[in-house]
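Presented below is the structure to which this report refers.
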Amino acid sequence: MIKKAEHVAIIVTDMDKSIAFYQEMFGYQVRLRGEGATREMAFLFHENQPSFEIELIRDLQPMGDYAAVGIVNHLAFTVDNIDEAIAHYRERGITFKTEGPTPSLDGGRIILFDGPEGELLQFVEPGKDRKR
């Protein structure tokens, strides 16, 4: 029944800052942005994977408390070379949670960092035997 992952939703407090982060850092583009009576939302896509989106949600009227890390634990991005990605994004101002990448279960490597709203983000360099 399930065909694909659709999107991940991230609760934000500053929509413009969050959109700019995902655009400038990772090349995401806004597909749709608007607001209703209680929420402002934006849907972002990447040209290399247009069928998956990041949904940013900003409450215009408080809807209740959200946990500091939210229900979604993290959003991961695949990279071809994690060392190059770390160097590139360090130059752009990202601070990583560890000095270097750590091994993943499939023989790849991962590293974690925070987005502009404190959301947990991850780069993944898949192991050689893993299909992307």
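Per-structure values
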{"quantity": "In the stretch 84-123, the residues that are open to solvent by less than 30 Å² (accessible area, probe 1.4 Å) and touching a Lys or Arg at 6+ places or on another chain (Cβ under 8 Å)", "calculated": "Phe96, Gly108, Ile111, Phe113"}
{"quantity": "In the stretch 77-132, the residues that are part of a strand (DSSP E or B), hydroxyl-bearing (Ser, Thr, Tyr) and under 25 Å from Val12 (Cβ atoms)", "calculated": "Thr78"}
{"quantity": "Count - residues of the stretch 11-30 that are within 17 Å of Asp114 (Cβ to Cβ), open to solvent by 80 Å² or more (accessible area, probe 1.4 Å) and assigned to a helix (DSSP H, G or I)", "calculated": "2"}
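Condition check ((1) part of a strand (DSSP E or B); (2) within 19 Å of Phe77 (Cα to Cα); (3) open to solvent by less than 50 Å² (accessible area, probe 1.4 Å)) across all residues:
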position: Ala9; (1), (2), (3): yes, yes, yes
position: Leu32; (1), (2), (3): yes, no, no
position: Phe45; (1), (2), (3): yes, yes, yes
position: Pro50; (1), (2), (3): yes, yes, no
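The values are calculated or read from the model by the stated rules, or taken from the named source; none is laboratory data. Note that this is a predicted model, so its numbers are computed, not measured. Cβ coordinates were reconstructed from backbone atoms using ideal geometry, including for glycine residues, and neighbour counts include every protein chain displayed. Protein only, heavy atoms only, side chains kept; ligands, DNA and RNA dropped before computing areas. Shrake-Rupley method; radii C 1.70, N 1.55, O 1.52, S 1.80 Å.
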